[in-house]
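J.: Take this structure, written in structure tokens, and hold onto it; I'll ask about it next.
A short reminder: the numbers here are calculations on the coordinates, not readings from a lab. This structure is a prediction, so every number in the text was calculated from the model and none was measured. Positions of Cβ are backbone-derived with ideal geometry, glycine not excepted, and every protein chain shown enters the neighbour counts.
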Amino acid sequence: MIERPSPNHAARQSAVDVLVLHYTELPLDESLKVLCDDRRPNRVSAHYVLAEDGTAYRLVAEDRIAWHAGRSHWRGRDALNGASIGIEIVNLHGDRHDYPEAQIAALIALCRDITRRHPAIVPRNVVGHSDIAPRRKVDPGLRFPWATLAASGVGLWPRAGAQPIDGDMQAALQRFGYPPAVEVTTDDVVASFQRRFRPSRSDGIADPETRALLADLLDQVKHQA
Ligand SMILES: [Zn+2]
């Protein structure tokens, strides 16, 4: 772990129970520069930056708020910076560029370390920026290996073969954690769900496969916090 303190942080008012994963859109050096810049009109930061070779940089202590999530929503709460830890993973566009194996191995180790220290970060609370800010954000992108992470105990991944969920898709998505269709449409929220859990087709159409994947995820979290 390389210490690279950022001046962009604030005091926490609430406990940590969400982990948000991002990609940087910028190379490592530029990412560190932006995330440590306190003269920008919109100051941003993250707790950690993960280089492509797996080197981890600590910018903000976990007991301080970092400014990575922006307008966001998960499981009934808005503005998730206050309750979350944010990791910026160096990748120029996660829809187009694979994440190197060494980077993902280091990410899994870092996430496991974080969730061990913050047991309130249950698997369903390990999210992508795109989950908590549909339409506005697409990171960590279609090529992000969520299934590999879930196989290592970080976040969830749906099993195939569940009975498709009936009825109101928006309500079911919100039961899992997704935002209400307030500043976005239900299609946007469905597309965000697909981006995460069915990256082969993220078209916003709540087809039977999408409904089945959501049914399985809701079943997985039925007895969880
Ligand atoms: Zn992001």
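J.: Provide Leu218, Leu107 in ascending order of the number of other Cβ atoms located within 10 Å of each residue's Cβ, fewest first. Intermediate values should be presented prior to the final figure.
T.: On the way: Leu218 17, Leu107 25.
By the 10 Å Cβ count, ascending, the order reads Leu218, Leu107.
J.: Got a sec? Charge dipole of the chain, +1 on Cβ for Lys and Arg, -1 for Asp and Glu; which of Val189, Trp146, Ser84 is way out at the positive end?
T.: Final value for the positive-end residue is Ser84.
J.: Using +1 on the beta carbon of Lys and Arg, -1 on that of Asp and Glu, and nothing else charged, what's the dipole of the chain about the Cα centre, debye to 20? Please report the intermediate quantities before stating the final value.
T.: Working: 28 positive and 29 negative charges, 98 e Å.
The calculated dipole for the chain is roughly 480 debye.
J.: Another one. Assign unit charges at the C-beta atoms only (+1 for Lys and Arg, -1 for Asp and Glu), then state the dipole size of region 1-115 relative to its Cα centre in Debye, rounded to the nearest 20.
T.: Working: 13 positive and 17 negative charges, 112 e Å.
About 540 debye.
J.: Of the candidates His118, His129, His68, which one comes out as most mobile in a Gaussian network treatment of the chain with C-alpha springs shorter than 10 Å?
T.: His118
J.: Let me ask you something else. What translational diffusion coefficient, to the nearest whole µm²/s, does region 158-225 have by Stokes-Einstein, given a Kirkwood radius computed over alpha-carbon pairs, a temperature of 37 °C and 0.692 mPa s viscosity?
T.: 277
J.: Cα atoms only: what Rg and Dmax, in Å, come out for the chain?
T.: 16.7, 52
J.: Next question. Hey, got a sec? Which trypsin sites (Lys or Arg not before Pro) in region 146-225 land in a DSSP loop and have at most 14 other Cβ atoms within 10 Å?
T.: Details: sites: Arg159, Arg175, Arg195, Arg196, Arg201, Arg211, Lys222; in loops: Arg159, Arg201, Lys222.
Sites meeting the loop and neighbour criteria: Arg159, Arg201, Lys222.
J.: With 10 angstrom as the radius, rank Val221, Val20 by how many other C-beta atoms surround their C-beta, starting from the fewest.
T.: Details: Val221 15, Val20 29.
By the 10 Å Cβ count, ascending, the order reads Val221, Val20.
J.: Arrange Thr210, Thr148 by Cβ neighbour counts within 10 Å, fewest through most, would you?
T.: Values: Thr210 25, Thr148 16.
Fewest-to-most Cβ neighbours within 10 Å comes out as Thr148, Thr210.
J.: With n ≥ 4 as the cut-off for DSSP H runs, can you work out [θ] at 222 nm for the chain, using -39500 (n - 2.57) per run divided by the number of residues, rounded to the nearest 500?
T.: Details: 7 runs with 68 residues, N = 225.
Value at 222 nm, helices only: -9000 deg cm²/dmol.
J.: Within region 87-155, which trypsin sites (Lys or Arg not before Pro) sit in a loop by DSSP and count at most 11 neighbouring Cβ atoms inside 10 Å? Could the numbers behind the result be given before it?
T.: Working: sites: Arg96, Arg112, Arg116, Arg117, Arg124, Arg135, Arg136, Lys137, Arg143; in loops: Arg96, Arg135, Arg136, Lys137, Arg143.
Hits after loop and neighbour filter: Arg96.
J.: Where the Cα atoms of region 1-71 are projected onto their three principal axes, how long is each span, largest first, in whole Å?
T.: Cα extents, longest axis first: 33, 27, 23 Å.
J.: Report the label-to-label distance for His97 and Asp78 in nanometres (one decimal), using points 7 Å from each Cα along the Cα→Cβ vector.
T.: Rounded to a tenth, the inter-label distance reads 3.4 nm.
J.: Right, another one. Out of the DSSP beta bridges found with both residues in region 12-113, what percent are antiparallel (nearest 5)?
T.: Values: 5 of 14 bridges.
Here the share of antiparallel DSSP bridges comes out near 35 percent.
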